[in-house]
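A short worksheet on the structure shown next.
The values are calculated or read from the model by the stated rules, or taken from the named source; none is laboratory data. The structure presented is a predicted model; accordingly, all values stated were derived computationally and were not measured. Using ideal geometry, Cβ is built from the backbone for each residue, glycine included, and neighbour counts are taken over all protein chains shown. Please note that ligands, DNA and RNA were not included when accessible areas were found on the heavy atoms of the full protein model with its side chains. Shrake-Rupley method; radii C 1.70, N 1.55, O 1.52, S 1.80 Å.
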Amino acid sequence: MRRLPLSFSFCVALVAVLAFAIKMPGAGFWGPILMLGGLVFLHEGGHFLAAKYMGMPVEVFSLGFGPRLFGFTWRETDVRLSALPLGGYVKLAGFNPEEPGADDPYGFLKQPYGKRMLFYSGGILANLATTLVLFTFVGADQARVTKVQDSWTVIEVIPGGAADQGGLKVGDELRGIGDLSFPGSEWEAAVAYIQAHPGQAVPFRITREGKPLELPLTPRLDGGKGRLGFMPLPMATPLERRAYRPGDFLEGGRYALTTSWRMSGQVFGFLKKLVTFQAKSAEVAGPIGIIRQGSRAAKSGWDVFLFMCGAISLQLAILNALPIPALDGGHMALLTYEKLRRKDLTIELKERILTGGFLLLASLMALVIVLDLLKLRK
């Protein structure tokens with residue numbers, strides 16, 4: 001089986017997540033579970049399609065690892081659901097491309113460099129395509145809105161952050177920030193306002209349990225900008241929409257490209273903070289955190305939920321493309337290195353590199369899960 005698809009990073013603790021998700025008050029349960037399972041399926045589907053394009057028979061297409069629960073046979077492929085929901089894998093007939101020295105009856109290792117790169121990048125490309133499709137539908141839906149929805153509710157407050165210390169809580173409905181009011185103002189204007197006032201008390205007008213309240217929140221200086229440490233989502237209030245027009249999907253495509261570009265920059269910015277040890281533990285979300293946010297998104301409307309699915313799919317694509325051994329990006333980096341030096345690495349060295357990458361990712365995932373569990377206790 002494929003050694004460690006990135007979807008593993010979001011599903012490794014899924015069995016434990018189920019218990020916590022069930023206990024969450026009012027949490028939408030099946031939405032985030034289907035979201036994670038669907039993104040894993042699409043990622044592995046990208047590898048499957050790449051293998052078929054190469055003319056390589058696929059022996060197993062599995063959602064999950066371990067013993068086979070049930071499934072069906074499609075041509076030569078056993079499409080199955082396995083017992084451990086820790087990701088998924090695609091196994092070529094008689095050969096696992098992630099096991100150096102394995103038998104290779106259909107000549108995967110003899111395939112041209114470009115085709116092998118396509119196989120490893122198949123999941124990444126599938127996640128990118130998923131993001132663009134989902135964002136296009138969200139953008140097309142926004143294009144036909146005739147009554148703008150611009151009220152916001154708080155769905156996440158980073159423990160120990162400025163918003164947390166100032167008294168902001170999950171579920172608070174935002175009615176105004178400084179001289180901005182909701183509805184009536186764009187959220188981008190609110191972000192700019194907060195970033196422009198580090199160290200200064202910013203009045204937040206909110207509604208909590210039906211009662212108006214005002215909180216003075218003081219943004220902290222971080223990277224030259226003021227930051228509070230909370231996440232809002234649009235309120236799930238009815239919108240007036242006209243019928244779809246063909247031009248809406250063109251507008252949705254523009255929205256998908258610009259949003260994907262902007263979010264990619266944010267992901268790379270956060271990765272930079274991680275490697276330079278500037279990221280805070282409260283900013284990291286693992287499987288449990290994603291389930292919690294997915295539950296809230298599922299209750300906020302299909303457009304919000306689809307947007308979150310697209311955002312996570314984009315993160316899967318970017319993170320899985322990193323040149324870390326045991327991820328697809330790591331295999332692509334090794335393949336490119338061998339291409340440049342015109343000589344393959346030894347089987348023993350490849351095995352050590354892949355094993356090291358696996359242990360690194362497993363350790364990081366364990367740390368993320370622990371941080372998720374600690375957040376649940378707060």
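Quick notes on this structure:
- Residue in the stretch 214-233 that is aromatic (Phe, Trp, Tyr), closer than 27 Å to Gly38 by Cα and at pLDDT 65 or above present: no
- Number of the exception - Met35 against (1) at pLDDT 85 or above; (2) more than 19 Å from His331 (Cα to Cα); (3) of a type in the set (A, V, I, L, M, F, W, C); (4) open to solvent by less than 30 Å² (accessible area, probe 1.4 Å): (1)
- Scanning the stretch 322-357 for residues that are open to solvent by 80 Å² or more (accessible area, probe 1.4 Å), under 31 Å from the mean Cα position of the chain (by Cα) and more than 19 Å from Lys110 (Cα to Cα) gives Pro323, Arg352.
- Taken over the stretch 76-101, the criterion of being part of a loop (DSSP other than H, G, I, E, B), at pLDDT below 85 and loosely packed, with under 15 Cβ neighbours inside 10 Å is satisfied by Gly94, Gly101.
- Residues satisfying the stated conditions in the stretch 173-192, i.e. closer than 14 Å to Pro216 by Cα and free of Cβ contacts under 8 Å to residues at least 40 places away in the same chain: Arg175, Gly176, Ile177, Gly178, Asp179
- Looking across the stretch 156-187 at every residue that is among the aliphatic types (A, V, I, L, M) and part of a loop (DSSP other than H, G, I, E, B), the one that is least open to solvent (accessible area, probe 1.4 Å) is identified as Leu168.
- Here Tyr244 meets each of (1) closer than 17 Å to Val138 by Cβ; (2) assigned to a helix (DSSP H, G or I); (3) open to solvent by 40 Å² or more (accessible area, probe 1.4 Å) with one exception, condition (2).
- The one condition in (1) open to solvent by 60 Å² or more (accessible area, probe 1.4 Å); (2) at pLDDT below 85 that Ala201 fails to fulfil: (2)
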